[in-house]
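The values are calculated or read from the model by the stated rules, or taken from the named source; none is laboratory data. Keep in mind that this is a model prediction, so the values were computed, not measured. Heads up, the Cβs are rebuilt from the backbone with ideal geometry, glycines too, and the neighbour counts pull from every protein chain shown. Ligands, DNA and RNA are excluded from the accessible area calculation, which covers all protein heavy atoms including side chains. Shrake-Rupley method; radii C 1.70, N 1.55, O 1.52, S 1.80 Å.
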Amino acid sequence: MTLLHFQLLGAALFSIGVYGVLARRSAVLILLALELMLNAVNVNLIAYAAYGTPADSTGQIIAIFVITVAAAEVGLAMAIILRLFRDRGSVDLDEVDLMKG
Amino acid sequence: MSLSLAVFYLLSAVCLAGAIGVVVSRNVVYAALLLLVTLMGVAGLYLLLLAEFLALVQVLIYGGAITIVILFVIMLTRVHEFRAMRDNPQWPLALVTALGVFALLAIALVNGAPDETVRRGVSFSRLGDSLFAQWAVPFEVASLVLLVALIGAIVIAREREEGEEE
């Protein structure tokens, strides 16, 4: 088991997240795919932290901050989705085109 | 094949299967629960990487909090609408893009990876020391970010009173 294993897994998770963000229409499902991408980044960070020399806590600390920002992001995004649903009765992002030129 | 490698492949299979389920599932509740499966698999990977604290945080915050918030919002919005909601017509393009991203990353990683095989963990006390000494200011800023996000979420989501100015 080498660093490369974890890096490739992170890349695969990230790519699946990219597909989800691009292909989905529901705001909630796009948010789920976004969480996948954040987790892929965290896997990479922690893998580098574990395999790096000398042992250092920086990778894990930054992963903690990523998780913090992800929590804040989910809370805000859910509030926006609720608002969107109340105002328009739908969470389909294709219908949110108020700022379309 | 060593035991840790076998565990790694098992956890990777769980993670990837869950992740693919998240992006293809028609039912949004299933998608949220499959995300939970993926997140717990990732927590297992953290254990494999000797990051016990991160594994705990992953289970508590992602498993306990974020998934619950997502499920709450799914319940508060209309569930039956989700089931009829198809994916974008551009999904083949999205598939090509995702495969392209993966190919690019994989090529770069395979060519550039240092061949490290030794894993080193960081003890809880060392992690705490550096979090509250070296990273004290970013830590406080993170708490401020959470507070602002919380207040913002309440302001955005609350019902407006009759006749209240927007």
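Points worth noting:
- Annotation note: of A:ALA77, A:ALA47, the sole residue that is crowded, with 17+ Cβ neighbours inside 10 Å, at the interface with chain B (Cβ under 7 Å from one of its Cβ atoms) and free of Cβ contacts under 8 Å to residues at least 60 places away in the same chain is A:ALA47.
- Where helices (runs of 4 or more DSSP H) fall entirely within the stretch B:43-146, those with at least 3 residues that are surrounded by fewer than 15 Cβ atoms within 10 Å (Cβ to Cβ) and more than 8 Å from chain A (Cβ to nearest Cβ) are at B:79-84, B:91-112, B:124-132.
- Matching residues, the stretch A:1-20, being surrounded by fewer than 20 Cβ atoms within 10 Å (Cβ to Cβ) and part of a helix (DSSP H, G or I): A:LEU4, A:HIS5, A:LEU8
- Hey, A:SER57 modelled with pLDDT under 90, open to solvent by less than 30 Å² (accessible area, probe 1.4 Å) and more than 21 Å from B:VAL22 (Cα to Cα) or not: yes
- Pairs, first in contact (Cβ under 8 Å) with a residue 12 or more places away in the chain in the stretch B:15-34, second of a type in the set (Asp, Glu) and open to solvent by less than 10 Å² (accessible area, probe 1.4 Å), C-beta under 9 Å, six or more apart: B:VAL22/A:GLU35
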